[in-house]
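Read the figures in this text as sums done on the coordinates, not as results from a lab. Model, not experiment: these values are computed from the prediction. Don't worry about glycine lacking a Cβ; one is built from the backbone with ideal geometry, like all the others, and counts go over all protein chains shown.
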Amino acid sequence: MAKRGKPNRSQRSTTGVVEVPSGTRPDGPVAGVYYIDTGDCELIPDQDNSNGWLLKINGVMSSHIDLADPLFLDFEYMRWIAALVESRWPPEQKPKLRALHLGGGACSMARYFHAAYPEARQVVVELDGKLADYVRGWFDLPKAPLLRLRVGEARQVTESLTPDTRDLIIRDVFAGAFTPRALTTREFTAHADAVLAPEGLYVVNSGDAPDLKNARADAATIADTFEHTMIIADPAMLKGRRYGNMIMAGSHAPFGDDPTLARKLLGGGVPAHIWDDAKVRSFAAGTPVRHDPVAVPAADPSIIG
């Protein structure tokens, strides 16, 4: 299942492990396999783009970077996210966007938003500290405070943040085929909501199989938290005909009817459609909202029986 990349892209694997001395970081990208804290990753030259690099993490395609053009997004789902964000905050208005990225990879979206919104302040949360250090060495990332890489678990970091301090939160975290459950529950979504400004935007990359069980649960949970919702996906995914990704969003501010957004989504290599709030709620109808597990009280040792 192509959770985070193109479903049919041909990928030429490199060979060989790249040894990086302890306490140092790479000086630019070098093809090969790298050992990281959570396993391994592989950096692969893009055969179709001399400036492009693909990043696999534990065998799963994660990210694409164009070193010459941060505004080039190779993965369709990232283009959908960018189009949605730009519909809410047109770059020509030069907003001082405050963004939190849960899930780092190669920081493709963070590079994009830095180029589109030069005054943005962004934090990328990455669980794997070694990967975060490698990404800093491989790619031309903006420096702090414009872009900070914070090593940590996404839920713990989100719960530690001050309320009303972010305009945008993007959840793009995968462990295998799906997002870790702790990042999909109503309780976590409420934490994200609290961190957002009143008109903030919560965006998730929801990967699923054709049965769409996971997507319906994600939609139900987001719809239970936010007054306004939206789904962006290609028609085959919306009809449950393939494995793939849906982009879901929640906000307390209406999304409105933006014809420019619809045109952008239809104009990509994989044309996408928009489901408005009514369609999202119809799609999620009857699906239980996800919740954190209920803690079982410890047995009282004074009770014998």
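Starting from the stretch 37-118, pick out the trypsin sites (Lys or Arg not before Pro) whose DSSP state is loop and whose Cβ has at most 16 other Cβ atoms within 10 Å. Don't skip to the end; give the middle numbers.
On the way: sites: LYS56, ARG79, ARG88, LYS96, ARG98, ARG111; in loops: LYS96.
Passing both the DSSP loop test and the Cβ count: LYS96.
A full extension of the chain between ASP140 and ARG281 corresponds to an added length of 46.7 nm, given 0.36 nm per residue minus the alpha carbon distance. Of all DSSP beta bridges confined to the stretch 76-284, the antiparallel ones make up roughly 45%. Here r is the Cβ-Cβ distance between THR24 and ARG241 and R0 is 30 Å; the resulting FRET efficiency, rounded to 0.05, is 0.05. Dipole orientation for the chain: of the candidates PRO21, ILE65, TYR34, ILE65 has the Cα lying most toward the positive pole (charges on Cβ; Lys, Arg +1; Asp, Glu -1).
The ranking of ARG241, ARG121 by Cβ neighbour count inside 10 Å, starting from the fewest, reads ARG241, ARG121. Exposed loop sites here are GluC sites (Glu not before Pro) assigned a DSSP state other than H, G, I, E or B and surrounded by at most 10 other beta carbons within 10 Å; excluding them, the longest clear run of the chain is 120-305. Counting beta carbons within 10 Å around each of MET78, MET246 and listing the fewest first gives the order MET78, MET246.
Non-local lysine pairs in the chain, meaning eight or more places apart or on different chains, with alpha-carbon distances under 20 Å, amount to 13. Across the stretch 109-130, the residues whose backbone nitrogen lies under 18 Å from the label position 7 Å along the beta-carbon direction of ASP69 are 109-117. For the pair ARG186 and GLU199, label points projected 7 Å from Cα toward Cβ lie 2.9 nm apart.
Describe numerically, in nm with one decimal, the distance between label points set 7 Å from Cα along Cα→Cβ at THR165 and at ASP48. Between THR165 and ASP48, the simple spin-label model gives 4.0 nm. Taking Cα centroids, how far is the stretch 227-287 from the stretch 12-53 in Å? Rounded to whole Å, the Cα centres lie 34 Å apart.
The stretch 192-215 and the stretch 103-161 have Cα centres spaced 19 Å apart. Residues LEU100, LEU84, LEU161 in ascending order of nearby Cβ atoms (within 10 Å, fewest first): LEU161, LEU84, LEU100.
Placing +1 at every Lys and Arg Cβ and -1 at every Asp and Glu Cβ, with all other atoms neutral, what dipole size does the chain have around its Cα centre, in debye to the nearest 20? Write out the running numbers ahead of the final one.
On the way: 34 positive and 38 negative charges, 77 e Å.
With Lys and Arg at +1 and Asp and Glu at -1, about 360 debye.
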